[in-house]
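Working notes for the structure below.
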Amino acid sequence: MNRLLLVVVVGVLALLPQMGWVPEFWITQLNYIGLSSLVVLGLVLLTGVGGLTSFGQAAFVGIGAYTTAWFTTKLGWSPWVTLWIALAITFVFATLIGAITLRLSGHYLPLGTIAWSLSLYYLFGNLAFLGQHDGISGIAPLSVFGISLGAGRNIYYLVWLIVLGSLWLTYNLLHSRPGRAIRSLKGGSSMAESFGVNTANYKVIIFVYAALLACVSGWLYAHLQRAVSPSPFGLNYSIEYLFMAVVGGAGSVWGAVVGSALIITLKDQLQNWLPRIFDTNANFELIVFGILMIFILQYAGNGIWPIFARIGSLLRGGKKQPQAEAPAQATALEQRPRPEKGTLILELDKARKEFGGLVAVNDISFKLHAGEIMGLIGPNGAGKSTTFNLITGVLPLTSGDIQFEGKRIDNLRARDIARLGIGRTFQHVQLIPTMSVLENVALGAHLRRDVGVIKAALHAERHTEAELLFEAAKQLERVGLGDYLYEEAGNLALGQQRILEIARALAADPVLLLLDEPAAGLRYKEKQELAAVLNQLSDEGMSILLVEHDMDFVMNLTDHLVVMDFGTKLAEGKPQDVQQNPAVLQAYLGGIDDDFDEDELAGINSSKEAV
Ligand code: ADP
Ligand code: MG
């Protein structure tokens, strides 16, 4: 958000309660908007960014509210103590619930959250010591330094201080090492895990973070409302929070405030007007909300905030402010020692992968030595990508074994294999399209620095962050994408996205680089540039295993070729020898299938001419 705009917004927020003409009702509304914003902010992180839908946030609000209600009224404890108790209880609950439900995938996760949110709701309503359906009343207002926050105009400051603070923390978190990991969750786990991200852990982290925000909202609510009862913590409120997140724009922190403000104001206006129009007191606003939701999903799929942001950027002359900038200078990250040229790096021994009855990789064996560029070629469906997935731990082997630097890796998880120094790209590019090119590549360096969530949220990791971004920029320069650091990755041409993936793999400081069709979609000149980069890497001692269809590219670049067909190794050796192998010619020229793209045909034809 624009700095100036931020100052104006904060200034107006600060002055509002001081202006006598502002009606009390507005202040109350703003207080409730603040309380909702906290819950919705959690959903922005959890659902909008992380892709995990929760129908249970209101239950966490309830935990915050009931905890402070009980401890302050029954034991007479200070709300400033009960806040921490509430946070602790929420932390334990959310960690447990998260660890169990976040394993569910697809539609089962939202269903799971509905299940536990209903259980908590009925628990609030049935426990005698929580006052059952009457709840707990007589809660004292908050006070700070002897000043009572009983009046709406007073607690207003605390509410909005907490909201702005939470926005700041969440924004910081999103633009940091853990934030990049969190933003990678939505696209499925295999890419992120390949760069060492423990995706299961990050899911629990954002779940707990969102629950804690909801808990603080509940704590404030109890002392603002001075009474709690189960109904505001039920499923329909959870749905309303989710609705606010979607309407506001679930991908950006300001969307939380915009969505809350819009829905709360609209709900109030509808409750005013609809009974007058229809002459009944039925809950018509729900129907209007439903229709509104359909419109928003149809015409502004990313919510309202991105529209505001676009207007803001137009006012600034169309320039987008990069959210993370590479520093001009920073300490270089240390590199892992490179093995001596010629030492054995990777060895596959009878590696086998079956998918049901299909043998995708049929007892493949080969060796790769340090500094070598090896090509893995073969027609579509030969099992090349599956072989990559076996080496990188994305898929488990059916039988056989794989050793990396003398150590068995076929029983390791993808993120542990990444830690050993294997970097990869994907045949179907896997990047975060809405994140800048720079930050996408910085995700590759995830394992080279350790920054926790708290440090990132407090923005106390500037130094480390600068080092990571500096490294990312360096790798992008190296592969020739230096001009695109701040472009959204999704805006690059497909060929450039592949090159971006190479930079991301390099940012991990690998010993072995696996490239799955890196030259697909590149123009002739770009292919030459890529070949130069790969040659230089190999000179520096990097070992490279690549799958490629462009035969010219492969023949000129590689030292060694393995040819696969139907999962089986057909031939192996120096490119010029393999090229003349009758079995290889038969596989390529005898069995061209419809899946072959033009590039591939061109490559084969030119290599046929060469033969
Ligand atoms: P290539 O990369 O050489 O074109 P792949 O390794 O992608 O080939 O695929 C090899 C064979 O395995 C193909 O027949 C493909 O359909 C099959 N295959 C690949 N992945 C899976 C999977 N996850 N489940 C079932 N079959 C798969
Ligand atoms: Mg493939």
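The values are calculated or read from the model by the stated rules, or taken from the named source; none is laboratory data. What you see is a predicted model; the values in this text were computed from it and never measured. Heads up, the Cβs are rebuilt from the backbone with ideal geometry, glycines too, and the neighbour counts pull from every protein chain shown.
Listing for the model above:
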| item | result |
| --- | --- |
| Test: residue 128 is within 24 Å of residue 199 (Cα to Cα) and of a type in the set (Gly, Ala, Ser) | no |
| Of all residues in segment 375-410 being of a type in the set (Ser, Thr, Tyr) and more than 10 Å from ligand 2 (Cβ to nearest atom), the one that is farthest from residue 356 (Cα to Cα) | 392 |
| Subset of segment 413-447 that is within 14 Å of residue 198 (Cα to Cα), out of contact with any Lys or Arg (no Cβ under 9 Å at 6 or more places or on another chain) and of a type in the set (A, V, I, L, M) - its residue that is nearest to ligand 1 (Cβ to nearest atom) | 414 |
| Residue match in segment 411-425 (condition: within 16 Å of ligand 2 (Cβ to nearest atom) and surrounded by 22 or more Cβ atoms within 10 Å (Cβ to Cβ)) | yes |
| Where a residue in segment 93-109 is of a type in the set (Phe, Trp, Tyr) and its partner, wherever it lies, is assigned to a loop (DSSP other than H, G, I, E, B), with Cβ under 6 Å and at least six apart | none |
| Verdict on residue 3 being among the basic types (Lys, Arg) and closer than 22 Å to residue 255 by Cβ | yes |
| Residues within segment 457-469 that are in a helix (DSSP H, G or I), over 17 Å from residue 432 (Cβ atoms), in contact with a Leu (Cβ under 8 Å, 6 or more places away or on another chain) and not charged (D, E, K, R), tallied | 1 |
| Segment 106-152, residues that are under 30 Å from residue 20 (Cα atoms) and hydrophobic (A, V, I, L, M, F, W, C) | 139, 140, 142, 144, 145, 147, 149, 151 |
| Check on residue 106, modelled with pLDDT under 90 and surrounded by fewer than 15 Cβ atoms within 10 Å (Cβ to Cβ) | yes |
| Sole exception among (1) at pLDDT below 80; (2) in the same structural domain as residue 249 (by TED's automatic domain parsing) for residue 290, by number | (1) |
| Residue in segment 437-455 that is surrounded by 23 or more Cβ atoms within 10 Å (Cβ to Cβ), touching a Ser or Thr at 6+ places or on another chain (Cβ under 6 Å), of a type in the set (D, E, K, R) and under 27 Å from residue 416 (Cα atoms) present | no |
| Residue under evaluation residue 499, criteria (1) β-branched (Val, Ile, Thr); (2) over 20 Å from residue 429 (Cα atoms); (3) more than 16 Å from ligand 2 (Cβ to nearest atom), criterion not met | (2) |
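This table checks each residue for (1) within 16 Å of ligand 2 (Cβ to nearest atom); (2) touching a helix residue (DSSP H, G or I) at 6+ places or on another chain (Cβ under 9 Å); (3) aliphatic (A, V, I, L, M); (4) over 27 Å from residue 361 (Cβ atoms).
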| residue | (1), (2), (3), (4) |
| --- | --- |
| 505 | no, yes, yes, no |
| 530 | no, yes, yes, no |
| 544 | no, yes, yes, no |
| 553 | yes, yes, no, no |
| 564 | yes, yes, yes, no |
| 576 | no, yes, no, no |
